[in-house]
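Report on the structure given below.
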Amino acid sequence: MPDIRRRMIASTALVLNATYEPLCVVSVRRATILILSAKAVCVADGEGILHSARSSLPTPSVVRLTRYVRVPYRTHVGMSRRAIFARDGWRCAYCHGSAETIDHVMPRSRGGRHAWDNVVAACARCNHTKGDKTPAEIGWRLRTTPMAPKGLAWRVLGHRAPDPRWADWLDLPDTTVAA
């Protein structure tokens, strides 16, 4: 039997601290529970309406906690395969084709570290051709210098694509929001 419930466009909501500082991203279900338990108030509505037996509620897109929560932030952004692809725009650092693998600019066999400034997204062909060499040894150069991502958006969102309605709270560049 097919699922006849309408799928929600955005299934996540941004959570702001009582001071309007972005904290994290949660599911719409969790955001709704925070609102119904009076732990948060809805700041921006999403698309759609949630229905219960006795009431209906607009889908929350951004919620603000009613009490201030002190959260110790990490100073660095965690490195993962998906985060590397997101940082590089899912493009190969050498030929600008579609990226499928990750590559160490200075090979690990030669003492290269597994760190933000040494890892780039690469297509399989370039990664295989480069092999155990540095880009300079084969006459290649990187289109951009790899570095750790910075900013509030990376700390809160990680590799997730932001909802355009969150732009006011995350200080996103215009190119990221245009979807």
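The values are calculated or read from the model by the stated rules, or taken from the named source; none is laboratory data. Since we're looking at a predicted model, the values are computed, not measured. Don't worry about glycine lacking a Cβ; one is built from the backbone with ideal geometry, like all the others, and counts go over all protein chains shown. Heads up: the accessible areas ignore ligands, DNA and RNA and are worked out on the full protein's heavy atoms, side chains in. Shrake-Rupley method; radii C 1.70, N 1.55, O 1.52, S 1.80 Å.
Points worth noting:
- Shape call, region 85-166: gyration tensor on alpha carbons, a/c limit 1.5: prolate
- Square roots of five times the Cα gyration tensor eigenvalues for region 1-149, Å: 44, 20, 11
- Each residue of region 56-69 was assigned a 3J(HN,Hα) from its phi angle through the Karplus expression (A = 6.51, B = -1.76, C = 1.60, θ = phi - 60°), giving 9, 9, x, 5, x, 10, 9, 10, 10, 5, 7, 10, 5, 10 Hz with x at Gly and Pro.
- Residue-by-residue Karplus 3J(HN,Hα) for region 109-120, coefficients 6.51, -1.76, 1.60, Hz, glycine and proline x: 5, 9, x, x, 8, 8, 9, 3, 7, 10, 10, 9
- Gain on full stretching of the segment that runs from Lys150 to Arg29 - 0.36 nm per residue minus C-alpha separation: 40.6 nm
- Remark on Leu16: its backbone amide H falls under 5 Å from those of Leu23, Val63, Arg64, Leu65, a criterion applied only to residues 5 or more positions apart or on other chains, H modelled at 1.01 Å from N.
- Surface composition of region 26-123: carbon plus sulfur atoms contribute 52% of the solvent-accessible area (1.4 Å probe, protein chains only, all chains present).
- Net +/- balance of residues flanking Thr59 in space, Cβ distance below 9 Å, scoring K and R +1, D and E -1: -2
- For the pair Ser98 and Arg54, a Förster radius of 41 Å applied to the C-beta separation gives a FRET efficiency near 0.25, rounded to the nearest 0.05.
- Förster radius 25 Å - calculated FRET efficiency between Asp45 and Val71 (Cβ-Cβ, nearest 0.05): 0.50
- Region 91-131 - percent relative contact order, Cα under 8 Å, separation 6 or more: 47
- Sequentially through region 15-24, phi angles give Karplus couplings (6.51, -1.76, 1.60; θ = phi - 60°) of 9, 9, 6, 4, 8, 6, 8, x, 10, 6 Hz, Gly and Pro residues having no value and appearing as x.
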